[in-house]
Every structure is written in C-alpha cells, then in structure tokens.
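The values are calculated or read from the model by the stated rules, or taken from the named source; none is laboratory data. These numbers were taken from a predicted model, which means no experiment stands behind them. Neighbour counts run over all protein chains shown; Cβ positions are idealised from the backbone, glycine included.
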Amino acid sequence: MQGGFLNQNRTKLFTLMLMLAALLLPCPGPAAYAQEAARNAFDKWRPKAGVYAEPGKTFRASCDEGGGLTINLREKSVSGYEWGCGVKKITDLGPDSLKVEMVCNDYNLAQNVNPRDPDWENRKFNEVMFVKKIDDVTISVQKSLNGKLKDAPWREAYCPLKTQRALAEATLRAKADAKQKTDLEQALKDAHPRDGVYAAAGPNFEERCAKFNDTIVTFSEKSITTASNICKIEQTRVQLPDTVRIGADCALQAAPDPNAVSVQNVDTTLDHENLMFKKIDDKTVVLWIIKDGHFTGDGRKLSYCSDQVQRAYAG
C-alpha cells in the first residue's frame with residue numbers, strides 16, 4: 001500500500017512539473033501576431049508601378065509614346081489615354097489577382113454620354129478594373145466603361161526600365177512645372193490689390209468713392225481705371241511679394257482732369273511695364289505710373305472704399 005501511495009505521489013509530481021514547464025514556455029504575444037499580419041500583407045501581389053503597353057509589334061513604340069496604361073497603386077492612381085482614375089478600394093481576389101474600384105475622369109466618355117452637359121469635363125465615373133498576374137512582366141486587365149464591363153480582358157506588358165526612367169523623369173518635371181505655376185499664381189494673387197473701387201485718402205474720401213471717379217481695379221477683367229486713364233492689362237509680373245508690375249495699354253479719359261498725367265505707351269518702356277502697385281495691406285495700396293521713362297514720385301496712396309460702395313459699383 002505504501003509503495004502504491006508513493007507511486008501516485010510521484011505521478012502527480014511529474015504531471016505538476018509538466019504543467020509548470022508548459023506555463024514557462026514562451027508564447028506568441030501581440031507583437032508576434034502583428035508581425036505575422038504584416039508579413040501576410042507584404043506578400044500580397046501588386047502590379048509593378050509604372051507604364052504598360054500591349055505586347056506585340058508596336059510594343060516598343062507604344063512604350064516610347066507613353067504606353068497605354070499607367071498603374072501606381074501606392075499613389076492610388078491608374079490612367080490611360082485621355083482618362084485618369086483615383087483608386088478608392090483594392091480587393092484581393094486570389095494570390096495574383098485583384099479588383100480595383102476607382103473614380104475616373106474620362107474625356108471621350110463624358111462627351112459621348114452627354115455632350116450637352118455644360119460641365120461635362122468635370123463629370124466623374126465609378127469604374128472597376130480587374131488585374132491578374134500572368135508572369136513577371138505581363139498582366140491581364142479588364143476595365144469597365146461607365147460602370148459596365150463591355151470589353152474582354154486584354155494583356156499589358158511592363159515597359160523597359162529605360163522607358164520607365166524617362167517617363168518618371170518627365171512626370172517629375174511636369175509636377176515641378178505645375179508647382180511653379182501654382183506658386184506663381186498664388187504670388188500674383190497675394191501681390192494683387194483686391195478688385196474694387198479705391199480713392200485717395202483725405203477730404204471728401206467717401207464722396208469720391210461714391211462717384212467711382214478715382215481708381216477702379218479689376219484684375220479679373222484685366223482693367224484698371226485711374227482718375228485720368230483707362231488701361232487694359234496686357235501682362236503682370238510680381239517683383240516682390242507685395243508688389244506687382246503691370247504692362248497695360250492706356251488712354252486718357254474722355255474729359256480728363258486738368259492735372260491729369262497720361263501713362264506712357266507700354267511699347268516705349270523698359271520691360272514693357274508702365275504701372276506698378278505696392279500692396280500695403282488688404283485695404284491700402286500705392287499706385288505708380290510711368291511718365292517719361294520714370295515712375296511718378298512717391299505714387300498715389302489709395303484706400304479701398306466701403307463695402308456699401310463696392311456693392312453699389314457691382315450693381
């Protein structure tokens with residue numbers, strides 16, 4: 001009996017030791033599960049970012065001309081000839097197959113759907129594209145048109161690296177040029193006086209504002225009317241963040257003030273500029289005109305007239 005009792009105790013002790021060892025073994029924590037999830041996501045197939053063209057005799061020529069299809073799912077962009085899409089959602093259909101949901105602009109489709117729509121250029125289309133890997137450089141593509149899958153799948157091949165680099169560089173240059181243009185437009189906007197009615201500060205300011213007979217600035221309509229001149233803006237150039245120089249075709253008013261100063265012909269001035277505005281704040285500017293090759297003195301300090309006057313002028 002005593003031997004049996006000892007054997008039972010040994011068995012219980014051995015079982016207890018096994019349980020304790022199991023508890024002490026390392027187990028995967030949240031970090032390990034996160035790493036596994038990240039690894040699975042990383043393994044999902046995506047088509048190479050870049051330009052594709054249909055394989056065949058014209059493949060190289062098509063690539064050199066920009067290809068027929070550009071895919072960059074990381075940047076959420078897909079585009080082709082006269083159409084471009086922003087990617088909304090990507091769904092994996094299998095190891096090498098996916099569905100791409102997109103919102104697209106399509107120049108030709110928009111015209112065909114409703115050519116009388118005055119805003120057809122900005123029309124959006126919800127489209128879907130199915131992409132499947134065939135080999136390392138070739139994919140199968142099927143894209144809807146106006147939400148319907150009318151065309152059968154076709155093949156696209158990844159263009160040579162030389163072409164990819166050239167097109168990537170061209171894209172970067174285009175983006176840089178677009179940014180420069182945007183920055184310039186913003187600089188012009190910041191430097192321009194507000195459109196509206198102005199008058200020189202001093203006695204009878206409100207009266208002169210109400211008569212609209214001092215200075216009216218309308219950059220939006222490329223026009224400036226001063227106390228003595230009517231000018232049509234031909235060009236503008238930002239000289240400083242708060243200064244804009246203007247080339248304008250100006251003529252004296254029909255019945256000018258006896259002290260009126262005519263603006264020099266723009267074709268006879270340096271840089272073809274004959275007016276200059278310096279913006280002091282949102283309601284104050286200084287206007288210079290060129291006469292005999294020089295800007296006139298300290299310029300005329302003009303103040304923006306009241307909102308009531310602006311509304312009356314706008315009619």
Every residue in segment 46-73 that is in contact (Cβ under 8 Å) with a residue 24 or more places away in the chain and part of a loop (DSSP other than H, G, I, E, B), please.
46, 47, 48, 49, 54, 55, 66, 67, 68, 73
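Scan segment 81-93 for residues that are surrounded by fewer than 17 Cβ atoms within 10 Å (Cβ to Cβ) and touching a residue at least 12 places away in the same chain (Cβ under 8 Å) and jot them down. Spell out the reasoning first.
Taking segment 81-93 as the starting set, the residues that turn out to be surrounded by fewer than 17 Cβ atoms within 10 Å (Cβ to Cβ) are 81-82, 84, 86, 88-93.
Scanning segment 81-93 gives 81, 82, 84, 86, 88, 89, 90, 92, 93.
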Which of the following residues is modelled with pLDDT of 85 or more, crowded, with 18+ Cβ neighbours inside 10 Å and over 17 Å from residue 189 (Cα atoms): 285, 244, 263?
263
Failed item in (1) part of a strand (DSSP E or B); (2) in contact with a Phe, Trp or Tyr (Cβ under 6 Å, 6 or more places away or on another chain); (3) without any contact (Cβ under 8 Å) to a residue 24 or more places away in the chain, with residue 110 passing the rest:
(1)
Here's a check for you: in segment 288-302, which residue that is charged (D, E, K, R) and at pLDDT below 85 is farthest from the chain's Cα centre (by Cα)?
292
Restricting attention to segment 129-144, does a residue exist that is over 24 Å from residue 63 (Cα atoms), out of contact with any Pro (no Cβ under 6 Å at 6 or more places or on another chain) and either at pLDDT 95 or above or not hydrophobic (A, V, I, L, M, F, W, C) (or both)?
no
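Kindly provide the set of residues from segment 68-122 that are among the basic types (Lys, Arg) and either within 15 Å of residue 142 (Cβ to Cβ) or not assigned by TED's automatic domain parsing to the domain that holds residue 159 (or both), ordered by number.
Across segment 68-122, the qualifying residue is only 99.
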